[in-house]
Structures are given as C-alpha cells and as structure tokens.
Amino acid sequence: MSWDRDTPLFITAAAGTEVALKAELRDLGLSGAKGARGGVRVRGGLEAITRVCYRSRIAVRVLIEIADFPCGDERALDKGVGALPWDRWLTPEHTLAVRATSRASRLDHTGFVAQRTKDAIVDAQRRVCGFRSSVDKKDPDLGVVVRIDRDRATVSLDASGASLHRRGWRLEDGPAPLKETLAAAALRISGWDRERPLVDPLCGAGTLPIEAELWARGVPAQRAERRFGFERWADHDEDAAARAARERASGAARAKEDGPSCRGSDADPQIVEVAAANAERAGSRATFSVADLRDVELEEGAHVIANPPYGERLDATDVWAPLDAAVTRWWSRGHPVSLLLPDDAPRLGPDSEAPLRHALFNGALRCHLVTWGKPTKD
Ligand SMILES: C[S@@+](CC[C@H](N)C(=O)[O-])C[C@H]1O[C@@H](n2cnc3c(N)ncnc32)[C@H](O)[C@@H]1O
C-alpha cells in the first residue's frame, strides 16, 4: 500500500520561513507548492514525502492530510475520525499519539480534542480487531495531528516522526542555539549564493556555518540511517520500503565533494570546541576558531551571517557597539552582512543604507533577518 502522487501534504515551517521553504521545495523538484500560515501545501506521493523528510533543511514536519470535514462539536469529531481506515497504518502493536490545535472554533480546548480523537481511533480499532494501540507521547509509531479551524477539522498523519530540526549531530550547544531549520531558512533568505565564503563571527555551537556548508554541497539534511514516521506504519511494506530507499540513495548521490569555505568564530573557547565537534559529527567541513568580533578579518567576497546574543537568557548589553562598528566596516568593504535581530534591537550599521528586513520568529520571539548589501551573482 502506498501514497499516490496526488496526496495532499502540509509541510510545516517556522513562521516567516514559508517562502524559503517554498523555494527549497522547488529546488527539490516539488512544483505547485502554495504558501500558507506556518507551512506550505503541496501534493506528492511516497517519493516526495521521502525526499522532503530526507533532504529539506527548512521543513519541520511533513503532514499527510487524510481527512477534512465540518466539525462543530465532539459528535462530528467522533464520526469523522471513527470513519477513517486506521487499520491501514495502525495495528494494536503500534503506539499512537495525538496532537491538536484549534482556531476560531467551538471546539477550542485542544487537550479535549486530542483525547477525543485518540478515543475515536482506539474505538475504531476495537471494532475491527478487538484490541487497541497504547499511547506513547514521546516516540509514537503513528503521530496524528488534528487541526480545527473555523469549525472544520483536518486530520493528518505525521510522516516525519520526530521534528526534522533534529539532524542527529548537535549533541551539545551553547546558551541560545538556533534551530537547524531556522538557520537553514535564514541562510536562504539572506541571499547567500552558496559560492562566496561564509563567515559567522558569533558562531556559538556552529549551526549557521555547518548548515551552510552542507547545503552548499547538497548533502542531505538527515543521516542515512534515520527512520521517519511513515517508515514505522503498518502499510510500509517491502515495495514501499524499496521505493523510499531508492529515493534516499538518489538524494545522497547528488552531494558534491567541494564547496565554499564556511567558517565561524566566537570569543568563548569552549563553545568553539563544541562547534568543531558538531561539524565533525555532521560530516561538515565548516571550520571554527576563537576570536573576538572586533578582530575578525574577512576573506575577499565573504558574506557575514550571525545571530547575536539577545533575549532573556543572554546578557547582550556589550555586543551592540562592536557589532555596529563591525557591520559598518564590513559593509563599506563590500561584504554582504545578515543578522538575525530581535525587533527591539538598537539600530545598527551604516546610516546611508536601508537594509532588507525579513520578519520571522525565533521560537516565540519576533525577529527580523536584516541584510545590508544584498549580494548579486557576478
Ligand atoms: C546567540 S549565540 C549564537 C548561537 C549560534 N548561532 C548557535 O546556533 O549556536 C551568540 C554567541 O556570540 C558570542 N559572543 C558574544 N560576544 C562576542 C564577541 N564580542 N565576540 C565574539 N563572540 C561573541 C557568544 O559567546 C555566543 O556564543
């Protein structure tokens, strides 16, 4: 059993990064993607699902939409959920978890919606075979997502399993690491052309240079051995497994040997060691060194990208003055500079140039990716 090419998919991404995800999906050969709030809608089958899970650097989850129905009360929810062919994906040996969201709807208690959906699924299982799945909220075989929006329910299966920002290489990090998916989106939005050298002078655990270097060489975002949600479902038979394996192999084969120089530096020697260890685990050739921001020298044509320390968890008071001076110095020498800044950051950089500003969220924090001197390809 498998998914046909017309299956509706909702691929989630951090708010503000949807356009970057859309562009990435186009590069991955998925056409017709439409941006929505918090993600992108596209149609695709097993190969497309595998490709996005394995190779997208920006996608957070891949949801397969299996039903959509009017849902003004719990009886409509029971009926709509109970009518779905759960035995296709779930035997009583498979574990289950349900997450719910609700917006502008009568069913507005998400805990209740999740519980009721889970009950309707296990009741349907009992009717068919007399047994039911148990719940595993941490690592379920089947993750079900119910979204209720203006009294309409959409039921989806989480094909990715654990969030795709987990690449398996960032085992250690600093006090305010960027999610890998957000770093990848920021790199794309910055306009970096994947050819110029890339420098992060406030690199922390190294997320930006590592993601950049792997992206430039076309290395898949996930490890070859990672199993995604859909690979644990009852319908993932031998034929589906072989097709998914072929799709992965073709993705891995596209990676290039050589790429641009991507490097990071940080004033904290301990975090630099962490970044180097992360790069090694990731199979990235990004390099790292200890340096204060004030002393960073750039190579010809380098694009600078960084997320400075800010927010509640970091004392950022002494970074703005040197950063302001550095941005102006680099920009005046022709280097594009992109910074992920919170909305209450002080004004930085040259007075004469209005930077490009792209709004996005770093977790719950509203930020802008601010770029001075947007690079143009020669
Ligand atoms: C928000 S963290 C960067 C996180 C990083 N993007 C990651 O994903 O792990 C900011 C970093 O700036 C570094 N930093 C602060 N002031 C600095 C300075 N004057 N020169 C160099 N590094 C500095 C801190 O040590 C910290 O690791």
Inset, instruction - Please give the number of the condition GLY161 fails out of (1) crowded, with 21+ Cβ neighbours inside 10 Å; (2) on the phi > 0 side of the Ramachandran plot; (3) over 19 Å from the mean Cα position of the chain (by Cα). - result: (3)
Inset, instruction - Would you please name the residue that is farthest from GLU280 (Cα to Cα), looking only at residues in segment 205-234 that are at pLDDT 95 or above and over 18 Å from the mean Cα position of the chain (by Cα)? - result: ALA234
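Pick out the one residue from GLU231, GLU257, GLU280, GLU300 that is under 22 Å from GLY204 (Cα atoms) and among the acidic types (Asp, Glu).
Working: GLU231 fails: under 22 Å from GLY204 (Cα atoms); GLU257 fails: under 22 Å from GLY204 (Cα atoms); GLU300 fails: under 22 Å from GLY204 (Cα atoms).
After applying the criteria, what remains is GLU280.
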Legend entry - Single condition ARG75 does not satisfy, out of (1) surrounded by 15 or more Cβ atoms within 10 Å (Cβ to Cβ); (2) more than 21 Å from THR7 (Cα to Cα): (1)
Inset, instruction - Could you tell me which numbered condition GLU225 fails, if it satisfies all but one of (1) open to solvent by 10 Å² or more (accessible area, probe 1.4 Å); (2) closer than 21 Å to SER265 by Cα; (3) more than 12 Å from the ligand (Cβ to nearest atom)? - result: (2)
Inset, instruction - Among the residues of segment 193-204, write down those that are within 21 Å of the chain's Cα centre (by Cα), crowded, with 21+ Cβ neighbours inside 10 Å and assigned to a loop (DSSP other than H, G, I, E, B). - result: CYS203, GLY204
Inset, instruction - Kindly indicate which of PRO92, PRO140 is in contact with a Ser or Thr (Cβ under 9 Å, 6 or more places away or on another chain) and either surrounded by fewer than 19 Cβ atoms within 10 Å (Cβ to Cβ) or over 22 Å from PHE10 (Cα atoms) (or both). - result: PRO92
Inset, instruction - Determine, yes or no, whether ARG243 is within 21 Å of the chain's Cα centre (by Cα), surrounded by fewer than 20 Cβ atoms within 10 Å (Cβ to Cβ) and more than 16 Å from the ligand (Cβ to nearest atom). - result: no
Inset, instruction - Could you run through segment 250-272 and say how many residues are open to solvent by 60 Å² or more (accessible area, probe 1.4 Å), without any contact (Cβ under 8 Å) to a residue 12 or more places away in the chain and away from the ligand (no atom under 12 Å from the Cβ)? - result: 1
Legend entry - Boolean, ALA36 is of a type outside the set (S, T, N, Q) and touching a Phe, Trp or Tyr at 6+ places or on another chain (Cβ under 8 Å): yes
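Looking at the structure I just gave you, is ASP318 open to solvent by 80 Å² or more (accessible area, probe 1.4 Å), in a loop (DSSP other than H, G, I, E, B) and either of a type outside the set (Asp, Glu) or more than 11 Å from the ligand (Cβ to nearest atom) (or both)?
Details: open to solvent by 80 Å² or more (accessible area, probe 1.4 Å): yes; in a loop (DSSP other than H, G, I, E, B): yes; either of a type outside the set (Asp, Glu) or more than 11 Å from the ligand (Cβ to nearest atom) (or both): no.
No, not satisfied.
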Legend entry - Within segment 281-300, considering residues that are farther than 19 Å from LEU178 by Cβ and part of a helix (DSSP H, G or I), the one least open to solvent (accessible area, probe 1.4 Å): ASP295
Inset, instruction - Answer yes if at least one residue in segment 170-192 is more than 23 Å from ALA275 (Cα to Cα) and surrounded by fewer than 20 Cβ atoms within 10 Å (Cβ to Cβ), and no otherwise. - result: yes
Legend entry - Single residue of LEU202, LEU198, LEU164, LEU182 found to be modelled with pLDDT of 95 or more, within 16 Å of the ligand (Cβ to nearest atom), touching a strand residue (DSSP E or B) at 6+ places or on another chain (Cβ under 7 Å) and closer than 30 Å to LEU96 by Cβ: LEU182
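The values are calculated or read from the model by the stated rules, or taken from the named source; none is laboratory data. Only a predicted model underlies this, so the values are computations on that prediction, with no experimental measurement involved. Quick reminder, even Gly has a Cβ in these numbers, built from the backbone with ideal geometry, and neighbours come from all protein chains shown. Keep in mind that these areas ignore ligands, DNA and RNA; they rest on the heavy atoms of the full protein, side chains included. Shrake-Rupley method; radii C 1.70, N 1.55, O 1.52, S 1.80 Å.
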